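Contents: one structure, followed by commentary.
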Amino acid sequence: IADFYQPWHQAEAQGIRVHIGECGCHNRTPQDVAVAWLRDLIGVYNDNGWGYALWNFEESFGILENGRPDERCESYRGFSVNREFLDIMKTSLED
């Protein structure tokens, strides 16, 4: 993943700020693979101080109501929350 983002480092070296417009993992991807993928992506973004956005917050790519058949979820205010995804997203706030 680090090699893929090398051009972004080159842009930063020229004074350009980086924001990853959209990222995510579709609900047809198994939970363990999706968690590993998001942890790696968000880790790279956090390590570099880059902003990012999910493709969507709710439904197929999101944290809420994504319908992933093997997700481990919990209920919060009437929503099904993918706790592992939420915890990964929260790492941005903790750094």
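Side notes on the structure shown:
- Between the Cα long axis of helix 83-94 and the first principal axis of the chain there is an angle of about 40°, rounded to the nearest 10.
- Among (i) 35; (ii) 21; (iii) 25, the entry derived from the coordinates for percent of Cα pairs over 21 Å apart: (i)
- Atom-type composition of the exposed protein surface of segment 19-72 places 52 percent of the accessible area on carbon and sulfur (1.4 angstrom probe).
- Helix axis angle, 31-48 relative to the chain longest principal axis, alpha carbon, degrees: 30
- DSSP beta bridge pairing in the chain, given as percent antiparallel to the nearest 5: 55
- With R₀ fixed at 30 Å, the C-beta to C-beta distance from VAL18 to ARG83 puts the FRET efficiency at about 0.60.
The values are calculated or read from the model by the stated rules, or taken from the named source; none is laboratory data. Given the structure is predicted, the values throughout are model-derived calculations rather than measurements. Because the Cβ atoms are built from the backbone with ideal geometry, glycine has one as well, and the counts that use them run over all protein chains shown. In case anyone asks, the SASA skips ligands and DNA or RNA and just uses the protein heavy atoms, side chains included. Shrake-Rupley method; radii C 1.70, N 1.55, O 1.52, S 1.80 Å.
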